[in-house]
Every structure is written in structure tokens, then in C-alpha cells.
Amino acid sequence: MAVGIFDSGLGGLTVWDAVHQRLPDLPVVYLADSAHAPYGVRTSDDIYQLTCKAVERLFDAGCNLAVLACNTASAAALRRMQESWVPPDKRVLGVFVPLIEALTERQWGDNSPPREVAVRHVALFATPATVASRAFQRELAFRAIGVDVEAQSCGGVVDAIEDGDMILAEALVRSHVDALQRKMPTPDAAILGCTHYPLMQDSFQAALGDEVKVFSQASLVADSLADYLDRHPDMLGTGQAAFLTTGDPRRVSDRATQFLRRQITFQAA
Ligand code: DGL
């Protein structure tokens, strides 16, 4: 019995960690497509093909439910997968909706018309592919009116994190926040729309200032998954917990252990 969590690389571990805290007895098969990261600079077609292949691997590992702990895959591939690829006895969920529901202060499954919400000026930090998809703005428009979103595509941050170069990652975060503030000087809220970015949350908060509320996804997705599994216990598959990577297991294990401050051992996918 296990659920699958997928990311292009290490960022989804922020979601894995929150899921592990929320549901400590839930076995999880985590798959990092490290050989093909970053996804954020790829075309939608490419992201779709790679994500289907990765999710197929999670199904083969005995998962009935796969969570795309990757905004880029959720934005560029999820809808197409759900419409034409996911087998009827399996489910694939993304990470966008729980975040937008938190931002717009909605309960799960509240389908009432869009309304005014507390935030007015929202800064979205995400990968180039997520920004280009406009998926965040589309989902937000279903739920809220009068919210001005300024999106900043944060080239280079995922590569720096995957390479373990946190000094470069921090410098890039500062320059992307600067670029955003030139377009929107005083956002009330900021969304970390990439699961790698919570690893740099302190740098985002320091560059934005304390008055900006920074939303990140990990705990929201964990709550949403717990709620989903309560309603769909049949979606627990037959697999066993594991960390799989398409990259070099030793290198990925070292980075993961450094980020989560506990021993994490990846195996070849
Ligand atoms: N963690 C992925 C996301 O949330 C990173 C994407 C990438 O590989 O560029 O978008």
C-alpha cells in the first residue's frame, strides 16, 4: 500500500516531508526524474511525455494515486493526462488547487461563483514553463475577482538547487524578487509556485520583507492528500515505500539528505 509522489528532482521532497509529518504511517514511493530536470525550460509536449513516463513508473511500483509535486508538470501536463491518459482505476492529482484554495480562503470543493478575497496584489514566482502556461491565473479566476497577479519566471533557481549551489540560488532569488518589485512594488502576498522554492523560503521572505505573506504548498498539499485519502481509501495501492531517481542515486541521495537533514537513500528507477 503506497501513494506516489513525483517531481522532476528534489523539490517534491518539500511535499514528501510535509506528507510524512501529516501521515507518518503512509508509505510513499517518491520518484525524481533527475536525469531530465529541470522541466521548467522544456516545451509542454516534452513535459507531458516525461511526466506520463514517470507516472507510469509509479503505477508499475504499485501506486494507484500519483501526486505531481511539481507545478511545472501540474501546469503543463496534468489536464491533458486526466483527459486522455490516466487509466480509469488510477488517479493523478496536482499541487495548484490546494494553494489557490488557501489563498482565496475556500473550503475543499467549494464551487460557488468567484468573489472578492483578502489579497489584491499577488506575486507569483515559478518556472518559465509554469509562468507561460498561465494555469495559476486561470485557476484563480474560477475562484476570485479583483486580484492582480504579477508572475516572475525564475530562470536558473532549480538548476542551482539541483547542483547544491545555494549561494547562486540565493543570488538568483534576490535578483528575481528585484525584477518582480520593479513591476509590482508592494505585493500583499507571494506564491512560491515551484516545489523547489520552499528550500529557499527564508531568502524569498528576506528579499520581499516581513509584511509580504509568503504561501508555499507543502503543508497545504499534505492536508489535501489526507482529506482525499479519507474519502478514497481504495486509492492506496500495493507498493512499498521507496525513493527512486532516473539520475545518479548516490549524488541525489547526498543532496536529499542535506536538504531534509535526515538520511534519504535513493535507488535507480
Ligand atoms: N519542482 C518543480 C516545480 O514545482 C521544478 C520544475 C523544474 O524542474 O524546472 O515546478
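Taken together, the values in this text are just the output of simple stated rules run on the coordinates, not laboratory data. A quick note: this is a predicted structure, and the numbers were derived from the prediction, not measured. Cβ sites come from the backbone with ideal geometry, for glycine too, and all protein chains shown count toward neighbours.
Just a few scattered comments:
- Straight Cα distances below 22 angstrom link K183 to the lysines K213, with same-chain residues fewer than 8 positions distant left out.
- Between D46 and R174, the simple spin-label model (points 7 angstrom out along Cα→Cβ) gives 3.1 nm.
- Net charge over other residues, Cβ less than 14 angstrom from the Cβ of S219 (K, R count +1; D, E count -1): -3
- Amide H within-cut-off set for G94, under 5 Å, with H built and near neighbours excluded: L68
- Our coupling estimate for region 172-189, obtained by passing each phi through the Karplus curve with A = 6.51, B = -1.76, C = 1.60 and θ = phi - 60°, is 5, 4, 4, 6, 5, 5, 4, 4, 5, 5, 5, 8, 9, x, 10, x, 8, 9 Hz, Gly and Pro reported as x.
- Summarising the amide proton neighbourhood of F215: residues at separation of 5 or more, or on other chains, whose placed amide H is nearer than 5 Å comprise A190, I191, L192.
- Here region 135-243 is treated with +1 on each Lys and Arg Cβ and -1 on each Asp and Glu Cβ, and its dipole about the Cα centre works out to around 320 debye.
- Estimated 222 nm signal from helices in the chain, with DSSP H stretches of n ≥ 4 weighted -39500 (n - 2.57), rounded to 500: -13000 deg cm²/dmol
- For the chain: relative contact order, % (alpha-carbon pairs under 8 angstrom, 6 or more apart): 28
- In region 1-148, the C-alpha radius of gyration followed by the widest Cα-Cα span (Dmax) gives 15.7, 44 angstrom.
- Stretching E116 away from R134 to a fully extended chain increases their span by 4.5 nm, per 0.36 nm per residue minus the current alpha-carbon distance.
- Protection proxy ranking, peptides 250-256, 219-225, average beta carbon neighbours within 10 Å, highest first: 219-225, 250-256
- The charge dipole of region 1-83, taken about its Cα centre with unit charges on the Cβ atoms of Lys, Arg (+1), Asp and Glu (-1) only, comes to about 120 debye.
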